[in-house]
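Below: the structure, in structure tokens.
Please treat every number below as a calculation from the coordinates, not as lab data. From a predicted model like this one, the values you see are computed outputs, not experimental measurements. Neighbour counts are summed over all protein chains in view; Cβ atoms, including those assigned to glycine, are modelled from backbone coordinates with ideal geometry.
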Amino acid sequence: MADYARNTALFILNTLDKGRKTLDRVLEEDITDKEQYLSKRDRALVNALVYGVIRRRGTLDWIIDYFSNTRLNAIDSNVLNILRLGLFQIVYLDKIPVSAAVNTSVEMAKSFTSPKVVGFVNAVLRSSAKGYKKVPFPDRNKNPVKALSTAKSFPEWLIKRWLDCFGLKETEALCDAVNNIPPITVRTNDLKISRDDLINKLESDVELIDYTSYSPDGIYFFKPKLPIPKIKAFKNGWFQVQDEAAQLVTYLLNPQPGETILDACAGLGGKTGHIAQMMKNKGKIVAMDKKNEKLLRHESEMKRLGISIVQTCIHDLDKPFDKNYIAEFDRILLDAPCSGLGVLRRNPDIKWLMSKKNLIYYQEKQVRFLDTLSYLVKPSGVLVYTVCSTEPEENEEVVKVFLNKHPEFVVEKKPDGFPFNARSLINKNGYLKTFPHINNMDGFFSVSLKRRKLS
């Protein structure tokens, strides 16, 4: 069934090229019916091929372009994805013979294109297999942006801004960290089980399991033997999948039992679940999102976790609130829509979807959402702003614009309740910033904004 696995990978890549869905959505919505025909080994191959090709696309395209007599932008997208899949196996997957990588790629091409194009696929892959190690890459001294973009497989605009921000050595480290396969990180649901007991329960289901370094609730591991939803501990509601950086955001919010809290962009409930845990399932949480289908899944997730204090609410933050909401909440969490450039190691397709202009679009939305929510915070209450992005436009610049308009808010530079061993992650300005290459977690920015009483 390996050929079926490769055809499934090709289907996913072709679907992504249409530009209407993210990789997460394609995996969730478009291949469910195909999974029943895939063995565990073939599912692993599909994941390796899809994520690998997306992570290494820039490098693969450089090599293909070198050996092709047709310009890259003139190659049919289906054919180009077959070339990428074949070349990825040749260059990066040692356990797959070159002959298998070439032959299966040729067979895929035969199913939909002309003999001439099939011959082209065969020629490019065979030439690449023999000579890819000798392909000249851009000179780092003459053009560091082009060189890093090609060698590390990132768009040039992103490499340029990272070089300007971090310098060469740190940019290389960041690229490498993003290109590495991250562990699966989960958060213990301590309403049902302790972290120590959860590790003991999971040890037989996964490989290389250990405690997270900063979050008191976190565990990470590799290579689960079953899909996560089929693991008994998951079915029992003992954990949620959540990166360590995202777990720290809730500690910054510091929710307390008995309070009234708004999770303003609740999504599927990752942070809502953690908020409820810290509240000991006592008080009230309003989980808000503009999409009803997400909230339906959110309700199901809270039930799995054994959480009873959450009420869902449909609302689009681009629209004003009813006046009845004014100053109602002790704490508000805004996990704002953003570029997602901090989670590239888990969502590598984002780097090919985003552009510099997207950052300004998201910044305007983030400022607008903060402004809308600011009126709902009680005096002495807290508004936590967070994004899974390390880019200044979505980080410090958003906070600056907001504070200039809202002098009643001030940054909490030493927030209460934050784990002692994680306080080094909060800088002198009170910003929680995490990076894949420094902290081995997703890239997040978070800040706690306290509403003070003005005389």
Practice problem: Find, among the trypsin sites (Lys or Arg not before Pro) in segment 347-415, those assigned to loop by DSSP (not H, G, I, E, B) with at most 14 other beta-carbon atoms within 10 angstrom. | Solution: 413
Quiz item: What percent does the relative contact order of the chain come to when contacts are Cα pairs within less than 8 Å and at least six residues apart?
Solution: 12 percent
Quiz prompt | Of [x] 5, 22, 30, 26, 14, 4, 0; [y] 5, 22, 34, 25, 11, 3, 0, 0; [z] 4, 19, 28, 25, 16, 7, 2, 0, the label for P(r) over Cα pairs in 10 Å bins from 0, in percent derived from the coordinates | solution = [z]
Quiz item: In straight Cα distance, which lysines are under 23 Å from residue 134, not counting same-chain residues fewer than 8 positions off?
Solution: 95, 142, 146, 152
Exercise. Restricting things to alpha carbons, find the Rg to Rh ratio for segment 362-455 using the Kirkwood radius for Rh.
Key: 0.97
Exercise. Using DSSP, restrict attention to beta bridges with both residues in the chain and report what percent are antiparallel, rounded to the nearest 5.
Key: 55 percent
Self-check item: Sorted by Cβ density within 10 Å, fewest first, the residues 433, 192, 142
Solution: 142, 192, 433
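Residue 107: net charge of surrounding residues, Cβ under 14 Å, Lys/Arg +1, Asp/Glu -1, itself excluded?
Values: positive: 6, 110; negative: 3.
Result for the neighbourhood of residue 107: +1.
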Quiz item: With all pairs of different alpha carbon atoms counted, what Kirkwood hydrodynamic radius in Å does segment 184-241 show?
Solution: 11.1 Å
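Taking the Cβ of residue 428 as the center, what net charge do the other residues with Cβ under 14 Å away carry, scoring Lys and Arg +1 and Asp and Glu -1? Mind dumping the intermediate values first?
Values: positive: 413, 414, 423, 433; negative: 396, 412.
Net charge in that neighbourhood comes out at +2.
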Quiz item: How high is the relative contact order of segment 2-134, in percent, with contacts defined as C-alpha pairs under 8 Å that are six or more residues apart?
Solution: 24 percent
Quiz item: Taking 0.36 nm per intervening residue step and subtracting the Cα-Cα distance, what contour gain separates residue 414 from residue 314 on full extension?
Solution: 32.7 nm
Practice problem: From zero up to wherever the largest Cα-Cα distance of segment 2-134 sits, split into 5 Å bins and tell me the percent of pairs in each. | Solution: 2, 11, 22, 24, 21, 13, 6, 1, 0
Practice problem: Just add up the charged neighbours of residue 327: K/R +1, D/E -1, any other residue whose Cβ is under 9 Å from the Cβ of residue 327. | Solution: +1
Quiz item: For the Cα atoms of the chain, what angle does the longest principal axis make with the long axis of helix 2-17, in degrees from 0 to 90, nearest 10?
Solution: 60 degrees
Exercise. Could you pull out the pairs from 319/400; 133/230; 21/169; 18/225 whose alpha carbons sit more than 30 Å apart here?
Key: 133/230; 21/169; 18/225
Quiz item: Using the alpha-carbon atoms, what tilt in degrees (0 to 90, nearest 10) does helix 292-305 show relative to the longest principal axis of the chain?
Solution: 80 degrees
